[in-house]
Each structure stands twice: as C-alpha cells, then as structure tokens.
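Engineer: A single structure is presented below for examination.
The values are calculated or read from the model by the stated rules, or taken from the named source; none is laboratory data. This structure is a prediction, so every number in the text was calculated from the model and none was measured. As a convention, Cβ positions derive from the backbone with ideal geometry for all residues, glycine included, and neighbour counts pool all protein chains shown. All accessible areas refer to the heavy atoms of the entire protein, side chains included, with ligands and DNA or RNA removed. Shrake-Rupley method; radii C 1.70, N 1.55, O 1.52, S 1.80 Å.
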Amino acid sequence: MGESHYWLAWNQDELERLAEAWQSIENAKKYFVGNNEVLTLAGIIAFKRENLGEAEKNFQEALSLNPANSEAHFYMGSIHARKMDWKNSGLSYGRAAHCYEKVEKALEERIKEIEESSFSEERKERLVARKKAQLRKTALTKATSFYNGAAGYFNAGMKEEALRFAQQAALHNSLKEKAEELANKIKELK
C-alpha cells in the first residue's frame, strides 16, 4: 500500500494535482515511516503548495536520514532564499552542488562499467544513452546549485564564496554567460 500511495503522489505531483498529491504522500508516510524518498517527495509537494514550514520539516527529516540527499539540500536552499536567509541559502545550495558532484561521478563510473560489460552492443548503447541523459541533467542541476548558491552568498555580502560559486557555475555552457556576469559584478565590488 505504501508504494501505491508513493507512486500515486509522484504522478499527481507531475500532473500538478498538488492537493491530491499531498493526500497521497501523507498516506504513504503511514506505511513508510522515516523513509528518505517519501519525506523528500512530501517536502517537494509542500514546497510547491507554498507550505514552507511543512516542506522544511520534511526536508530536514530526510537529510537526517540521508545527508547526501541532493534534492533536499537544493530545496532547502530555495526555502532559505524565499525567507531571504541568504547565507543559509548559499550553504544549502553549496551542499546540493557537492552532492550532485558525487552523483555525476557515480554516473560516469556506471557508464564506464556498462561500456566494459559483456552486454550486447545494442543494450550497451541503450543503457549508456539513458545514463548520459541522467548525467546531463545532473550536471545542469549542479551548475544551477552553484549559481543559486553564488546569488545567496552575494546577497549575504560573502563575496569570496559568491565568486567561487559563480566560477563553478560558469563551467556549464547553459549558465556560462549569466554566471560570468555575476562573477564580474562581484569582482567590481571587491
């Protein structure tokens, strides 16, 4: 039953049926007490429903179970930004970025394993393509975390940290121009 409620909540969230998703994730919590994935999805749904207190509670509990939960760190950065708690926004986004770096490395290793496996070439191509798509998405989210962290640190007046994060964000082509613009602004203020 717990899995049914969890996946129902996940699908309802994807369809932006947030009131229904919230009820389903609350039902999933009854079966999966203290489950990191359930708590993370509950936090995401609460965040989208603008219930920041409930979102924060769920993300903190998820992070107590799994400190490497990149999604929970990312959303905590967003919560802190909404509260204009810029330093903690930068810290949370930074934690998210470092967690996403670990996910990237794991995906790269998995791609290498698949390429060296005894799978058929067709299966290898299919699996590698899927992992590379996940890797691209993770790299963009990591860069976004660095950029958002840079903005948080900048707003907190922490120019060194902001510059370091902006430079990391600029390594991704999608954020290069925007991050370099922020980095130049920071350098002008130093």
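Engineer: Tell me whether region 52-60 contains one or more residues that are under 20 Å from the mean Cα position of the chain (by Cα) and farther than 23 Å from residue 99 by Cβ.
Structural biologist: Checking region 52-60: at least one residue is under 20 Å from the mean Cα position of the chain (by Cα) and farther than 23 Å from residue 99 by Cβ.
Engineer: Still on this structure, I have one more. Is it true that residue 50 is of a type in the set (D, E, K, R), part of a helix (DSSP H, G or I) and under 26 Å from residue 150 (Cβ atoms)?
Structural biologist: It is false that residue 50 is of a type in the set (D, E, K, R), part of a helix (DSSP H, G or I) and under 26 Å from residue 150 (Cβ atoms).
Engineer: Might you let me know whether region 16-23 holds any residue that is under 22 Å from residue 77 (Cα atoms) and either under 18 Å from the mean Cα position of the chain (by Cα) or of a type in the set (Val, Ile, Thr) (or both)?
Structural biologist: no
Engineer: Going by the structure shown, is residue 44 β-branched (Val, Ile, Thr), more than 18 Å from the chain's Cα centre (by Cα) and assigned to a helix (DSSP H, G or I)?
Structural biologist: no
Engineer: Something else about it: Could you list all residues from region 128-162 that are aliphatic (A, V, I, L, M), farther than 30 Å from residue 117 by Cβ, part of a helix (DSSP H, G or I) and open to solvent by 20 Å² or more (accessible area, probe 1.4 Å)?
Structural biologist: 151
Engineer: Would region 90-97 turn up any residue that is in a helix (DSSP H, G or I), open to solvent by 100 Å² or more (accessible area, probe 1.4 Å) and either touching a residue at least 60 places away in the same chain (Cβ under 8 Å) or not hydrophobic (A, V, I, L, M, F, W, C) (or both)?
Structural biologist: Yes.
Engineer: Suppose we keep only residues that are in contact (Cβ under 8 Å) with a residue 24 or more places away in the chain and of a type in the set (Val, Ile, Thr) within region 98-136. Which one would you say is nearest to residue 67 (Cα to Cα)?
Structural biologist: If we take residues in region 98-136 being in contact (Cβ under 8 Å) with a residue 24 or more places away in the chain and of a type in the set (Val, Ile, Thr), then 103 is nearest to residue 67 (Cα to Cα).
Engineer: Here are some conditions: (1) outside any loop (DSSP other than H, G, I, E, B); (2) under 21 Å from residue 75 (Cβ atoms). Residue 184 meets all but one. Which one does it not meet?
Structural biologist: Of the numbered conditions (1) outside any loop (DSSP other than H, G, I, E, B); (2) under 21 Å from residue 75 (Cβ atoms), the odd one out for residue 184 is (2).
Engineer: A further question on this structure: Is it the case that some residue within region 27-38 is over 30 Å from residue 162 (Cα atoms), of a type in the set (A, V, I, L, M, F, W, C) and part of a helix (DSSP H, G or I)?
Structural biologist: Checked region 27-38: at least one residue is over 30 Å from residue 162 (Cα atoms), of a type in the set (A, V, I, L, M, F, W, C) and part of a helix (DSSP H, G or I).
Engineer: If I ask for residues that are aliphatic (A, V, I, L, M) and crowded, with 17+ Cβ neighbours inside 10 Å, which ones from region 53-80 would you list?
Structural biologist: So in region 53-80, the residues aliphatic (A, V, I, L, M) come out as 55, 62-63, 65, 68, 72, 76, 79.
Passing the criteria: 55, 62, 63, 72, 76, 79.
Engineer: Would you be able to tell me the number of residues in region 1-26 that are open to solvent by 50 Å² or more (accessible area, probe 1.4 Å) and either of a type in the set (A, V, I, L, M) or not in a helix (DSSP H, G or I) (or both)?
Structural biologist: Our first condition is that a residue be open to solvent by 50 Å² or more (accessible area, probe 1.4 Å); within region 1-26, this holds for 1, 3-4, 7-8, 10-11, 14-17, 19-20, 23, 26.
Next, only the ones that are either of a type in the set (A, V, I, L, M) or not in a helix (DSSP H, G or I) (or both) stay: 1, 8, 15-17, 19.
Looking only at that region, the number is 6.
Engineer: Quick one: residue 168 ticks every box in (1) of a type outside the set (A, V, I, L, M, F, W, C); (2) open to solvent by less than 30 Å² (accessible area, probe 1.4 Å); (3) within 22 Å of residue 88 (Cα to Cα) except a single one, so which number is it?
Structural biologist: It fails just one condition, (2).
Engineer: Just the residues that are in contact (Cβ under 8 Å) with a residue 40 or more places away in the chain and of a type in the set (Phe, Trp, Tyr), please, taken from region 52-89.
Structural biologist: Scanning region 52-89 gives 74, 86.
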